[in-house]
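The values are calculated or read from the model by the stated rules, or taken from the named source; none is laboratory data. Remember, predicted model here, so these are calculated numbers, not experimental data. For neighbour counting, all protein chains shown are included, and Cβ atoms are generated from backbone atoms with ideal geometry for every residue, glycine included. The protein model used for the area step is the full one, side chains on, heavy atoms only, and it has no ligands, DNA or RNA in it. Shrake-Rupley method; radii C 1.70, N 1.55, O 1.52, S 1.80 Å.
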Amino acid sequence: STLQPAEVRTELGAGKNIGTYLVATASLTGITIVQIRDPLGVVSFDTQLLPADLGGLPVDAPQKGSGKLIDADDPRMLDAVWHDNSVWFVTTRLNNDKTTAVWGQVDVSNWPTLNLKQFGIIDGDGISPGA
């Protein structure tokens, strides 16, 4: 799966000798997070897997007024941000037979122990009922 670099949202960086984090979905088993250490010196990469049920693999989505489906079956991580000792992410998953946006917050302050602090689903019904 494709690693998504996390944007670091502070002038001070993600911590002493930490460059950034890379985030990816690990199929249906969870989230892979890679911590990049000492990027300007002797760089090292530490990979951790956070088991998490994010939902099923996404499927193409219908669009109103057309029989043509929108290509929405990409399970890769779409975006990631590091802020205040957490990595925030967004991806897509299957929920109630619809492809939905899935977001989460992973606490990385006790690396290598990861904690999924928050997790949510945003579907079309939240925007427009029946969407």
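For this structure, a couple of remarks:
- Total residues in the range 102-131 satisfying the condition of being assigned to a strand (DSSP E or B) and either among the charged types (D, E, K, R) or within 19 Å of Leu50 (Cα to Cα) (or both): the figure is 18.
- Residues in the range 11-44 that are within 15 Å of Val108 (Cα to Cα) and hydroxyl-bearing (Ser, Thr, Tyr): Thr20, Tyr21, Thr32.
- A search for C-beta distances below 8 Å between a residue of the range 99-116 that is touching a residue at least 40 places away in the same chain (Cβ under 8 Å) and any residue that is open to solvent by less than 30 Å² (accessible area, probe 1.4 Å) and of a type in the set (Ser, Thr, Tyr), counting only pairs 6+ apart in sequence or on different chains, returns Thr99/Thr92; Thr100/Thr92; Val102/Thr91; Val102/Thr92; Val106/Ser86; Val108/Tyr21; Val108/Ser86.
- Exclusive hit being touching a residue at least 60 places away in the same chain (Cβ under 8 Å) and either open to solvent by 30 Å² or more (accessible area, probe 1.4 Å) or not acidic (Asp, Glu) (or both), set Pro39, Pro5, Pro51: Pro5
Results for (1) at pLDDT below 95; (2) open to solvent by less than 80 Å² (accessible area, probe 1.4 Å); (3) out of contact with any helix residue (DSSP H, G or I) (no Cβ under 9 Å at 6 or more places or on another chain), shown as yes or no for each residue.
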| position | (1), (2), (3) |
| --- | --- |
| Asp46 | no, yes, yes |
| Leu57 | yes, no, yes |
| Ala61 | yes, yes, no |
| Gly65 | yes, no, yes |
| Leu69 | yes, no, yes |
| Pro75 | yes, yes, yes |
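- Flag for Gly124 being open to solvent by less than 30 Å² (accessible area, probe 1.4 Å) and farther than 15 Å from Thr32 by Cβ: yes
- Some residue of the range 80-91 being open to solvent by less than 70 Å² (accessible area, probe 1.4 Å), in contact with a Ser or Thr (Cβ under 6 Å, 6 or more places away or on another chain), of a type outside the set (Val, Ile, Thr) and under 18 Å from Gln4 (Cβ atoms): no
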